[in-house]
Amino acid sequence: MGTPEVTTLRDRLGRPVEDLRVSVTDRCNLRCRYCMPREVFGPDHTFLPRSELLSFEEITRIVRTAAGLGVTKVRLTGGEPLLRKDLPELIAQLVAIDGLTDLALTTNGLLLPQQAAALADAGLHRITVSLDALDEATFREVADTKASILGVLEGIEAARAAGLGPIKVNTVLRRGMNDDQLEDLAGWAREADVTLRFIEFMDVGTTNGWLRDGVVPAAEVVDRIHARWPIEPVDRDHPGEVAERYRYTDGAGEVGVVASVTRAFCRDCTRARLSAIGELYTCLFAATGHDLRAVLRDEAADDTRLRDRFAAIWSARTDRASELRAEEGLTGPRVEMSYIGG
Ligand code: SAM
Ligand code: SF4
Ligand code: SF4
């Protein structure tokens, strides 16, 4: 296959599309209180019927189209992506796409002991595991689960053994819930040779009871780590990188913060999101997505129609919700994170 022609597509604020997050399911085996509170996502909640989900071929067709418009990085997410049956088959299809240089997956890690080897064999490049506490009781409280943190730690080791390193771990800190875990997690990550990133608790969706007081500002996280193990800033790799990176001065690797609330980075946001049923979202805080599945399933629509539709959606994009939040606060309906992925 030759190198495909890539169009430099820009939105109304001059931002290219470089990353695509693909949600492969809206289901999850945890009920993290900041994401899928059980009161909302309980036994009566209706998840997407399987028949509605995009097939692997349909996802691959959209990702190939996106790659032709500038996307180089794809992250599979959910819900919990490892709940999607036969996921390695999708990975094998995606890694074959020209222009895609980075294929990653975000998971809560619990199913990695069984699946890490197959994911690596299929060609997955990288993995990020979400872990919000080291203390078992806190983990169970945050994730509203009877599962043990040992399962997540085993998952991380299984991923490493399968060659999916270097491993990143994401922690969402919420004041009064798990902010006391900060130093323990940082100390563990230094020893375990994983790169930890602390993410500010965001007001995604409308069900997680977000209050500004619940946010542990990235600046506070940096100060607390620095007080224990001195750190110094590292330059970003590229403008679209959302994590602010720091290096331990004693050589024990790096740690990062994602200041989505206190230092919004919309002006550099090059990220699109695809829901499990094929809606394209141009912002994490959007109320609705743009239906690409109808184009996919329209027999009269060829790849050019799909490409034109994708390009038209991105070209019209003006989103800057987090910057607006800083200016005037967020209001109105918005999609749940478990629906379009983090
Ligand atoms: N289930 C997988 C997992 O937990 O890694 C993938 C999907 S989850 C929605 C992706 C990421 O979003 C996780 O790292 C999670 O911690 C983060 N997340 C969910 N709700 C959030 C919120 N309200 N604020 C900040 N991050 C959030
Ligand atoms: Fe599930 Fe991930 Fe949301 Fe937790 S953060 S409820 S693991 S989708
Ligand atoms: Fe991007 Fe929307 Fe987040 Fe701003 S608020 S960084 S535009 S996803």
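Each value in this text was obtained by applying a stated rule to the coordinates, not by laboratory testing. Since this is a predicted model, take the numbers as computed values, not measurements. A quick note on method: Cβ atoms are made from the backbone with ideal geometry, for glycine too, and the neighbour counts reach across all protein chains shown.
Figure legend: label point modelled 7 angstrom from the Cα of residue 238 along Cα→Cβ; residues of the stretch 52-70 with amide N under 20 Å from it are 62-70. Taking 4.7 Å between C-beta atoms as the pairing limit, the chain has these partnerless cysteines: 28, 266, 269, 283.
For the chain, the residue among 326, 221, 42 whose Cα projects farthest onto the positive side of the dipole built from Cβ charges is 326.
Counting only DSSP beta bridges with both residues in the chain, the antiparallel share comes to about 30 percent. Each peptide in 185-195, 268-278 receives the mean, over its residues, of other Cβ atoms within 10 Å, and ordering these scores from highest gives 268-278, 185-195. Work out the charge dipole of the stretch 78-237 with +1 on the Cβ of Lys and Arg and -1 on the Cβ of Asp and Glu about the Cα centre, then indicate which of 195, 182, 105 is farthest towards its positive end. About the Cα centre, the residue reaching furthest to the positive side is 105. Computed packing ranks the peptides 220-227, 122-129 as 122-129, 220-227, most packed first, by mean other Cβ atoms within 10 Å.
Taking Cα centre as origin and charging only the Cβ of basic (Lys, Arg, +1) and acidic (Asp, Glu, -1) residues, the dipole magnitude of the stretch 246-323 rounds to 200 debye. Here the spin labels are modelled as points 7 Å beyond Cα on the Cα-Cβ line, and at residue 287 and residue 89 they lie 3.8 nm apart. Take 237-247, 165-175 and order them by the average number of nearby Cβ atoms within 10 Å per residue, most first; the result is 165-175, 237-247. From the residues 311, 262, 69, which one has its Cα farthest along the dipole of the chain in the positive direction, the dipole being from +1 and -1 charges on Cβ of Lys/Arg and Asp/Glu about the Cα centre? My answer, from the dipole projection, is 311.
For residue 200, what is the net charge nearby, where nearby means another residue's Cβ is under 12 Å from its Cβ and Lys, Arg count +1, Asp, Glu -1? Result for the neighbourhood of residue 200: +2. By the rule of a C-alpha distance below 19 Å, with chain neighbours fewer than 8 residues away ignored, the lysines paired with residue 73 are 168.
Out of the DSSP beta bridges found with both residues in the stretch 149-294, what percent are antiparallel (nearest 5)?
55
Charged side chains reduced to their Cβ positions (Lys and Arg at +1, Asp and Glu at -1) give the stretch 19-340 a dipole of some 440 debye around its Cα centre.
Charged neighbours of residue 100, selected by a Cβ distance under 12 Å, balance to -1 (K, R count +1; D, E count -1).
Using a simple spin-label model with pseudo-atoms 7 Å out from Cα toward Cβ, residue 40 and residue 58 lie 2.5 nm apart.
Per-residue ellipticity at 222 nm computed for the chain from its helices equals -9000 deg cm²/dmol, with DSSP H segments shorter than 4 residues left out and the rest contributing -39,500 (n - 2.57).
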